[in-house]
Amino acid sequence: MNMIISPVCMVFALFLLGWMGLHIKPNAFSAYPQQPMALKTISLPQDLPAPVKRFHLQIYGENVPVIESAVISGRASLRLKGITFPGRFRFTHKAGKDYRHYIEVTLFGFPLMKINESYLDRKGRMELPFGVTENNPKLDQAANLGLWSESIWFPSIWITDSRVHWKPIDDHTALLVVPFGEGTEQLIMRFSSQSGLPDFLESMRYKDPADDEKTLWRNQALKWNSFNGWTTLSIGALTWFDDGLPWAIFDVDDILYYSDVREYVRAKGL
């Protein structure tokens, strides 16, 4: 006797299969080869805004490390067209200068889409499966803010880089001024009144290279953990103000500092 499967059952089965695929996390990327370099430090400046000084004292103490590179690897949740996909990422930074993003959007733990983004020599480039965007001043502005926002994984750069400075706002808020081209950009950092750690980092950023106006871009610190003996952001969420919900949540597996990334930051893929 032949069994006839109704269209409703088929749709439900496909929906269930897809749901299962979206809930399988990919494996972590293999560790980046460690090439330890000598640790250099500077004394914590005494003229910092109060919440900034408290934060750096809490995670570094009086001696602030001079971090020149970082490789951040982990898993992610990425909301695309209203659907939240699992993924994994590796962000490579030549601190305060260049970065490269490699992101895999996955289904059943396997790559569904690969994303390569970079900000090299003050120029942004975004490579997606359906096209490449580059040589665009608005993309450059957005990428530069990404560079300095992601420095929350090695926040000593906000003190050790002479091009960066802080302006006080109140006891739990400060303005971070960073270089961009021949000028500067500004980000507002809001610190928790309980922990003293950053809660939010906000800036006005171009959401799309074709946009005429900038959109408020909010980076939220959801969880902090210990990496390499320092308290460091472990889970962060990115939200465009007009969306209202995070489009990305990054959960860090590993952070490697002090490796030579001069070639790796200009490579492609893993």
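Coordinate-derived values only; no laboratory data. This one's a predicted model, so the numbers in the text were calculated from it and none came from an experiment. Neighbour counts run over all protein chains shown; Cβ positions are idealised from the backbone, glycine included.
By the beta-carbon count within 10 Å of each Cβ, the least crowded to most crowded order of 62, 185, 104, 68, fewest first, is 62, 185, 68, 104. When 121, 161 are arranged by Cβ crowding within 10 Å, least crowded first, meaning fewest neighbours, the order is 121, 161. Length gained on full extension, residue 58 to residue 193, computed as 0.36 nm times the residue gap minus the Cα-Cα distance: 47.2 nm. Based on C-alpha pairs under 8 angstrom that are at least 6 apart in sequence, the range 27-266 has a relative contact order of 21 percent. Distance from the C-alpha centroid of the range 213-270 to that of the range 32-91: 8 Å, rounded to the whole angstrom. Only Lys, Arg, Asp and Glu carry charge here, each on its Cβ (+1 for the first two, -1 for the last two); on that basis the chain has a dipole of about 480 debye about its Cα centre. Put in order of Cβ neighbour count within 10 Å, fewest first, the listed residues 204, 37, 126, 189 become 37, 204, 126, 189. Counting lysine pairs in the chain that sit 8 or more residues apart in sequence, or on different chains, and whose Cα atoms lie under 19 Å apart gives 18. Histogrammed with a bin width of 5 Å, the alpha carbon distances of the range 182-270 distribute as 3, 11, 15, 17, 18, 20, 11, 4, 0 percent, first bin at zero. In the chain, which longest range has no chymotrypsin sites (Phe, Trp or Tyr not before Pro) that are both DSSP loop (not H, G, I, E or B) and surrounded by at most 13 other Cβ atoms within 10 Å? So the longest stretch without any such site is 1-129.
Across the options 56, 159, 37, the greatest Cα extent toward the positive end of the charge dipole of the chain (unit charges at beta carbon of Lys, Arg, Asp, Glu) belongs to 37. Projected onto the charge dipole of the chain (+1 at Lys/Arg Cβ, -1 at Asp/Glu Cβ, origin at the Cα centre), which of 230, 103, 241 gives the Cα projection farthest towards the positive end? Final value for the positive-end residue is 103. Each Lys and Arg Cβ is given +1 and each Asp and Glu Cβ -1; about its Cα centre, the range 12-130 then shows a dipole of about 200 debye.
According to the calculation over all Cα-Cα pairs in the chain, the P(r) per 10 Å bin from zero is 6, 27, 35, 20, 6, 3, 1, 0, 0 %. Basic side chains Lys and Arg get +1 at the Cβ, acidic Asp and Glu get -1 at the Cβ, and with that the dipole of the range 86-128 about its Cα centre reaches some 160 debye.
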